[in-house]
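Next up is a structure, given as structure tokens.
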Amino acid sequence: MTSTTAVADAAIPAAHPFAAHLRRAAAAEQAAPHRLWTPDDGPLPSLYLSHGAPMLFEMSGWMTQLHDWARALPKPKAVLIVSAHWESAPLMLSSTQPRELVYDFGGFAPMYYRMRYDTPDATELGRTVAGLMPDGEPVHEHPSRGLDHGAWVPLKIMYPGADIPVLQLSMPTHDSTRLLALGERLRTLREQGVLVIGSGYMTHGLPFIDWSDLDSVPGWSADFDLWAADALDRGDVDELARFRTSAPGMPYAHPTVEHFTPLFVALGASADPTAPVTTTIDGYTIGLSKRSFQAA
């Protein structure tokens, strides 16, 4: 039976860049099926990715980078993702059953509000995540909440088949110490073939973009990106935690901090948050840094 996601995808105009991406992804899968993770692979890395808005579906190069990254890793058994777009305490999980996506954006073409990403039942993952939380910090399922665009936009590009269970975990704080601790609690998921992702944007100063010259990179964006790259290369978590006061380009790079702080969940979930990370995507789009990385 054709999935609801595939039916919605079939309605995308054939000339649209995302339709071309889906054709390339299908051809890659046919030529070499994506190998499913097994325990022999060891723990999956944790990821921090810059996710973009629905306009990412029109950026062929960036989509290819994301999909190639996903294919370079074993296919996960499930995905747990923390997005910049769900700040909620106490800690909450999205519905374990497929729900309507959260179309938390405005001003885009109607086709983006008709997209689907109906992934399999994630009850088992939800149970596992709940079991990792201390008694004093229970996690609650939000039974009607689907994935927001910080989750479904990049995942639809990376895993377009919508055949992997996905849950979204809310971001309960922006305190780096607490987010590192949250990531550490999730660390064992990686040993079970679960891909743990922090989804944000390495710079996100949308109010300060020069919309008349989108090819230029503002100094505040470049300076912040270089600072972050250096700290990540040195595994300097303390420096990263001081980003509000230490990072050049602030507060223009992050007038609000929710697109940077998912990084601490990804680092916390790694085997050693102080180890250098592997940068997988860098460069800029509309002047913003799309730096993304994986941590072993």
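Kindly provide the set of residues from the stretch 61-92 that are aliphatic (A, V, I, L, M) and surrounded by fewer than 17 Cβ atoms within 10 Å (Cβ to Cβ), ordered by number.
Answer for the stretch 61-92, where residues must be aliphatic (A, V, I, L, M) and surrounded by fewer than 17 Cβ atoms within 10 Å (Cβ to Cβ): Ala72, Ala89.
Hey, could you check the stretch 170-192 for residues that are in a loop (DSSP other than H, G, I, E, B) and not β-branched (Val, Ile, Thr) and say which is nearest to Ala6 (Cα to Cα)?
Here the answer is Leu186.
Return the only residue of Asp230, Asp223, Asp238 being touching a residue at least 12 places away in the same chain (Cβ under 8 Å) and in a helix (DSSP H, G or I).
Asp223
Against the definition (under 28 Å from Leu80 (Cα atoms), crowded, with 19+ Cβ neighbours inside 10 Å and in contact with a strand residue (DSSP E or B) (Cβ under 9 Å, 6 or more places away or on another chain)), how does Phe224 come out, yes or no?
yes
Quick check on the stretch 244-268: of everything there that is in a helix (DSSP H, G or I) and free of Cβ contacts under 8 Å to residues at least 40 places away in the same chain, which residue is nearest to the chain's Cα centre (by Cα)?
Arg244
Can you name the residue in the stretch 138-155 that is at pLDDT below 95 and assigned to a loop (DSSP other than H, G, I, E, B) and, of all such residues, is farthest from the chain's Cα centre (by Cα)?
Pro138
Here's a follow-up. Which members of the stretch 49-60 meet the condition of being touching a strand residue (DSSP E or B) at 6+ places or on another chain (Cβ under 9 Å), modelled with pLDDT of 95 or more and either buried (at least 24 other Cβ atoms within 10 Å of the Cβ) or over 11 Å from His149 (Cβ atoms) (or both)?
So in the stretch 49-60, the residues touching a strand residue (DSSP E or B) at 6+ places or on another chain (Cβ under 9 Å) come out as 49-52, 55-56, 59.
Checking the rest, the ones that are also modelled with pLDDT of 95 or more come to 49-50, 56, 59.
Leu49, Ser50, Met59, listed by residue number.
Restricting to the stretch 156-169, name every residue that is over 19 Å from Phe108 (Cα atoms) and either among the β-branched types (Val, Ile, Thr) or not in a loop (DSSP other than H, G, I, E, B) (or both).
Those that are over 19 Å from Phe108 (Cα atoms) and either among the β-branched types (Val, Ile, Thr) or not in a loop (DSSP other than H, G, I, E, B) (or both): Met158, Ile164, Val166, Leu167, Gln168, Leu169.
If a residue must be of a type in the set (A, V, I, L, M), buried (at least 16 other Cβ atoms within 10 Å of the Cβ) and part of a loop (DSSP other than H, G, I, E, B), how many such residues does the stretch 93-125 contain?
The number of residues fulfilling the criteria is 4.
Still on this structure, please answer the following. Among the listed residues Glu141, Glu191, Glu184, identify the single one that is more than 27 Å from Asp236 (Cα to Cα) and of a type in the set (Asp, Glu).
Only one candidate passes the filter, namely Glu141.
I'd like to check which helices (runs of 4 or more DSSP H) are fully inside the stretch 1-86 and have at least 1 residues that are without any contact (Cβ under 8 Å) to a residue 12 or more places away in the chain and over 19 Å from the mean Cα position of the chain (by Cα).
Here the list reads 4-10, 17-31.
What about Ser46, is it buried (at least 17 other Cβ atoms within 10 Å of the Cβ), modelled with pLDDT of 95 or more, farther than 25 Å from Asp121 by Cα and among the small types (Gly, Ala, Ser)?
Spelling it out, it is not the case that Ser46 is buried (at least 17 other Cβ atoms within 10 Å of the Cβ), modelled with pLDDT of 95 or more, farther than 25 Å from Asp121 by Cα and among the small types (Gly, Ala, Ser).
Of all residues in the stretch 126-154, count the ones that are touching a Phe, Trp or Tyr at 6+ places or on another chain (Cβ under 7 Å) and either surrounded by fewer than 16 Cβ atoms within 10 Å (Cβ to Cβ) or farther than 20 Å from Pro90 by Cβ (or both).
Within the stretch 126-154, residues that are touching a Phe, Trp or Tyr at 6+ places or on another chain (Cβ under 7 Å) and either surrounded by fewer than 16 Cβ atoms within 10 Å (Cβ to Cβ) or farther than 20 Å from Pro90 by Cβ (or both) number 2.
The values are calculated or read from the model by the stated rules, or taken from the named source; none is laboratory data. As the structure is a prediction and not an experimental result, all values here were calculated from the model. With ideal geometry, Cβ positions are generated from the backbone for all residues, glycine too; neighbour counts draw on all protein chains shown.
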